[in-house]
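Data first, discussion second: the structure below is written as structure tokens.
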Amino acid sequence: LFCFFDSYPSWGSGFRIGLVSSPSQLIGFAWLLAIFVLIIEQQNQKVKYSPLLFSVLFTGAMLSKISHGVVGLAGLMFLVAIQLISKRKLTLQRLLDVGASMTTVITLFFAFYYGANNASISPLKFPAAIQGELSSYSGLIVFGAAVFLILGFVNFQLLSIVGGLSDKSTRNDAVFLFCIGVGVSGVLLSSIIDVYMGAQLYFLHSAAIVLLIFAACFMANAMTSIVHNFSSTRRLLFITCVGFLSAVVAWLIPSLDSGSGSAILLRLSRSVVLVIPILVALLIVISQKKLKMFSAVILVTLLSLASLGIGFYGSNWWVTLNREFASFDRNEEANLGTAELNNSMEWLKDESDQSDIFASNNDSFLLSALSHRRGFLQSKYLLRRHTVFTSEWESELDDRGELLTRIFSSPNEAELKELHSRGVRWLIVDKSRIEPAGLVFFKKSSFENDGYLILDLDLLR
């Protein structure tokens with residue numbers, strides 16, 4: 001399962017199944033998988049106090065990552081709906097399970113998330129969050145990109161679902177129905193809503209892990225049939241190699257960022273590299289006339305796609321180790337701050353009160369992280385994502401930004417006093433971005449090194 005996971009920088013450049021992009025997502029996965037296990041356990045025996053268990057598990061999922069709770073509830077409701085339609089009845093326990101789960105999810109949504117104003121109904125915005133140049137396109141181009149990217153992300157799971165539907169012993173299974181509900185909700189929610197910085201993709205990520213568990217089990221069961229029907233080890237080895245080589249082909253496709261239609265199509269073509277193992281699987285099955293066409297194509301393609309996934313895992317992490325970690329060593333200052341920044345922030349942490357606020361012409365979050373002090377305006381993009389972003393709050397942040405721009409471009413005593421009246425005590429000047437000689441309104445500087453100057457607004461002349 002681990003070998004099917006990848007990271008944000010490489011999605012959109014080939015075959016992807018799982019994606020973990022934040023620590024809270026890992027915690028959310030644990031809660032969602034616990035819900036999945038409870039669904040499985042209910043097939044084997046009656047679970048006492050299951051409504052209470054569902055409430056606890058959905059509480060954990062919602063509080064760690066809302067997407068996990070929402071897709072989990074969607075899967076449970078889909079399961080109940082299908083059972084109600086097919087059996088025309090519903091057990092009291094299942095009804096209580098759904099009632100407890102819905103109550104928990106809805107209550108927590110309104111208690112913690114409603115009113116944040118950072119999401120809206122706006123279809124097919126996620127492709128631009130992955131490939132920024134798509135933001136200037138609309139209509140069929142964006143729709144096609146969305147299809148390519150979704151298929152490049154969940155094709156292994158999708159093929160397993162198709163295989164499950166073709167199997168009479170699987171299609172009415174409660175766990176299988178739960179997985180379908182989770183998958184459909186994840187794709188739909190990621191496709192129809194828009195969240196700042198593409199956070200709607202969390203719904204798809206949450207669904208992918210549940211589907212992957214089913215797909216892996218389905219694949220494991222299918223291996224017996226594959227080995228039996230393909231007595232030739234060479235054929236199995238060839239199918240596996242095709243998957244690995246397809247991953248290599250995707251990495252060989254150049255990535256152009258010119259924004260032109262052909263450049264976008266070229267980048268998206270990496271997500272469609274899965275066509276290669278599918279076609280090879282189809283040709284091999286056709287050559288084996290004794291096999292049942294449909295089921296054989298699914299089984300052989302699953303093996304080839306699994307190899308493709310592992311191939312991408314290996315190649316991506318090889319590139320990541322050489323590019324990202326080497327870059328981290330070379331660009332230590334960009335990631336951890338310069339020695340001058342660390343030195344000045346250490347002074348500020350030691351010499352200021354914990355309630356003090358600073359303002360700076362360097363808006364990096366490192367200033368707050370290193371000094372343990374609040375900034376007047378630091379990392380606005382993070383504020384936009386992680387706070388309740390009303391029109392009033394946006395106007396306030398714009399006003400703060402304009403005030404700082406005026407102060408650091410053409411400082412005057414009146415605006416420095418205004419900044420002081422708004423609760424700011426310390427002015428941190430990044431000397432690489434401005435010549436501090438214009439700040440002559442202070443009796444003395446509080447701290448200075450080669451990179452930074454710290455001024456105390458309490459010491460204005």
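The values are calculated or read from the model by the stated rules, or taken from the named source; none is laboratory data. From a predicted model like this one, the values you see are computed outputs, not experimental measurements. Ligands, DNA and RNA are stripped out before the accessible areas are found, and what is left, the full protein with its side chains, is counted by its heavy atoms. Shrake-Rupley method; radii C 1.70, N 1.55, O 1.52, S 1.80 Å.
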Query - Shape category assigned to the stretch 156-208 from the gyration tensor of Cα positions, a/c cut at 1.5 - result: prolate
Query raised in the report: How many Lys pairs in the stretch 36-183 lie less than 29 angstrom apart by Cα atoms, where the lysines are 8 or more positions apart or on different chains?
Result: 10
Report task. Sort HIS372, HIS205, HIS420 by accessible area with a 1.4 Å probe, largest first. Result -> HIS372, HIS420, HIS205
**Report entry** Overall form of the stretch 58-148 per C-alpha gyration tensor (a/c, 1.5; a/b vs b/c)
**Finding:** oblate
Requested in this report: Show ILE39, ILE253 ordered by accessible area, largest first, where the area counts protein heavy atoms only and the probe is 1.4 Å.
Outcome: ILE253, ILE39
Query raised in the report: Classify the stretch 149-254: rounded, prolate or oblate, from the alpha-carbon gyration tensor (a ≥ b ≥ c, eigenvalue square roots; a/c under 1.5 rounded; otherwise prolate if a/b is larger than b/c)?
Result: oblate
